[in-house]
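The values are calculated or read from the model by the stated rules, or taken from the named source; none is laboratory data. The structure presented is a predicted model; accordingly, all values stated were derived computationally and were not measured. As a convention, Cβ positions derive from the backbone with ideal geometry for all residues, glycine included, and neighbour counts pool all protein chains shown.
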Amino acid sequence: MGGQPTEAELKQFNWGALLLNWIWGLNHKHYMALLCFIPCVGLIYAIYLGFKGNEIAWQSGRFSSADEMHKCQVIWAKWGVGVLVAAVVLNILQVMVLGAAVASGAAR
(Lines give C-alpha, C1' and ligand atoms only; values in the text may rest on other atoms or scores of the structure.)
Protein backbone atom coordinates (compact mmCIF):
# COMPACT_ATOMS: atom_id res chain seq x y z
CA MET A 1 0.00 0.00 0.00
CA GLY A 2 1.22 3.45 -0.74
CA GLY A 3 0.08 6.26 -2.98
CA GLN A 4 -2.45 4.72 -5.36
CA PRO A 5 -4.48 1.69 -4.33
CA THR A 6 -3.97 -1.46 -6.35
CA GLU A 7 -6.76 -3.04 -8.35
CA ALA A 8 -6.94 -5.83 -5.76
CA GLU A 9 -7.38 -3.31 -2.93
CA LEU A 10 -10.19 -1.59 -4.78
CA LYS A 11 -11.93 -4.93 -5.40
CA GLN A 12 -11.96 -5.97 -1.73
CA PHE A 13 -15.37 -6.20 -0.12
CA ASN A 14 -16.25 -3.14 1.97
CA TRP A 15 -18.18 -4.17 5.09
CA GLY A 16 -18.58 -0.61 6.30
CA ALA A 17 -20.30 0.38 3.07
CA LEU A 18 -22.62 -2.62 3.31
CA LEU A 19 -23.55 -2.30 6.97
CA LEU A 20 -23.64 1.50 7.34
CA ASN A 21 -24.71 2.12 3.76
CA TRP A 22 -26.44 5.50 3.71
CA ILE A 23 -24.24 7.07 6.40
CA TRP A 24 -21.14 5.74 4.65
CA GLY A 25 -22.43 7.07 1.34
CA LEU A 26 -23.06 10.57 2.65
CA ASN A 27 -19.60 10.63 4.22
CA HIS A 28 -18.03 9.68 0.90
CA LYS A 29 -20.20 12.07 -1.17
CA HIS A 30 -22.01 9.15 -2.79
CA TYR A 31 -25.57 10.37 -2.47
CA MET A 32 -26.97 7.43 -4.43
CA ALA A 33 -26.55 5.51 -1.16
CA LEU A 34 -29.81 7.14 -0.07
CA LEU A 35 -31.46 4.56 -2.32
CA CYS A 36 -30.95 2.23 0.63
CA PHE A 37 -34.09 3.76 2.16
CA ILE A 38 -36.25 2.31 -0.62
CA PRO A 39 -37.60 -1.15 0.27
CA CYS A 40 -36.14 -4.00 -1.81
CA VAL A 41 -33.94 -1.59 -3.77
CA GLY A 42 -32.14 -0.73 -0.54
CA LEU A 43 -30.92 -4.26 0.12
CA ILE A 44 -29.67 -4.65 -3.43
CA TYR A 45 -27.93 -1.28 -3.37
CA ALA A 46 -26.35 -2.00 0.02
CA ILE A 47 -24.84 -5.18 -1.42
CA TYR A 48 -23.64 -3.18 -4.43
CA LEU A 49 -21.96 -0.74 -2.03
CA GLY A 50 -20.25 -3.64 -0.33
CA PHE A 51 -18.71 -4.75 -3.61
CA LYS A 52 -17.93 -1.28 -5.02
CA GLY A 53 -17.32 0.60 -1.77
CA ASN A 54 -13.54 0.86 -2.00
CA GLU A 55 -13.72 2.18 -5.56
CA ILE A 56 -16.36 4.71 -4.56
CA ALA A 57 -14.35 5.74 -1.49
CA TRP A 58 -11.20 6.29 -3.54
CA GLN A 59 -13.07 8.25 -6.22
CA SER A 60 -14.53 10.54 -3.55
CA GLY A 61 -11.18 12.31 -3.37
CA ARG A 62 -11.06 12.23 0.44
CA PHE A 63 -7.88 10.20 0.62
CA SER A 64 -4.33 11.09 -0.32
CA SER A 65 -3.01 7.53 -0.12
CA ALA A 66 -4.16 3.95 -0.21
CA ASP A 67 -2.99 3.52 3.40
CA GLU A 68 -5.19 6.37 4.56
CA MET A 69 -8.18 4.96 2.69
CA HIS A 70 -7.61 1.45 4.03
CA LYS A 71 -7.36 2.66 7.64
CA CYS A 72 -10.55 4.66 7.26
CA GLN A 73 -12.46 1.75 5.70
CA VAL A 74 -11.32 -0.59 8.49
CA ILE A 75 -12.80 1.85 11.01
CA TRP A 76 -16.07 1.93 9.04
CA ALA A 77 -16.12 -1.87 9.01
CA LYS A 78 -15.57 -2.09 12.78
CA TRP A 79 -18.37 0.38 13.42
CA GLY A 80 -20.65 -1.47 11.01
CA VAL A 81 -20.07 -4.78 12.75
CA GLY A 82 -20.51 -3.11 16.13
CA VAL A 83 -23.84 -1.60 15.13
CA LEU A 84 -24.98 -4.95 13.71
CA VAL A 85 -24.06 -6.81 16.90
CA ALA A 86 -25.77 -4.17 19.05
CA ALA A 87 -28.94 -4.41 16.93
CA VAL A 88 -29.01 -8.20 17.22
CA VAL A 89 -28.48 -8.07 21.00
CA LEU A 90 -31.20 -5.43 21.43
CA ASN A 91 -33.62 -7.47 19.32
CA ILE A 92 -32.95 -10.57 21.40
CA LEU A 93 -33.54 -8.59 24.59
CA GLN A 94 -36.75 -7.18 23.14
CA VAL A 95 -38.05 -10.65 22.32
CA MET A 96 -37.15 -11.86 25.79
CA VAL A 97 -38.88 -8.94 27.51
CA LEU A 98 -41.98 -9.17 25.32
CA GLY A 99 -42.06 -12.94 25.78
CA ALA A 100 -41.91 -12.53 29.54
CA ALA A 101 -44.63 -9.87 29.45
CA VAL A 102 -46.91 -12.08 27.35
CA ALA A 103 -46.22 -15.09 29.57
CA SER A 104 -46.99 -13.15 32.76
CA GLY A 105 -50.15 -11.74 31.19
CA ALA A 106 -51.28 -15.20 30.11
CA ALA A 107 -50.76 -16.56 33.62
CA ARG A 108 -53.39 -14.23 35.08
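Figure legend. Inter-residue proximity from region 62-84: first residues touching a residue at least 24 places away in the same chain (Cβ under 8 Å), second residues small (Gly, Ala, Ser) and part of a helix (DSSP H, G or I), beta-carbon distance below 6 Å, spacing 6+ or different chains. Indicated pairs: Met69/Ala57; Gln73/Gly16; Trp76/Gly16; Ala77/Gly16; Gly80/Gly16. The number of residues in region 59-108 being of a type in the set (S, T, N, Q) and surrounded by fewer than 13 Cβ atoms within 10 Å (Cβ to Cβ) comes to 4.
Just to be sure before I move on: is Trp15 at pLDDT 95 or above and more than 26 Å from Ala87 (Cα to Cα) in the structure I sent?
Working: at pLDDT 95 or above: yes; more than 26 Å from Ala87 (Cα to Cα): no.
For Trp15, the condition - at pLDDT 95 or above and more than 26 Å from Ala87 (Cα to Cα) - is not met.
Here is a check on your reading of the model: is Lys11 surrounded by 14 or more Cβ atoms within 10 Å (Cβ to Cβ) and of a type outside the set (Phe, Trp, Tyr)? No, not satisfied. Filtering region 1-16 to residues that are without any contact (Cβ under 8 Å) to a residue 60 or more places away in the chain and small (Gly, Ala, Ser) leaves only Ala8.
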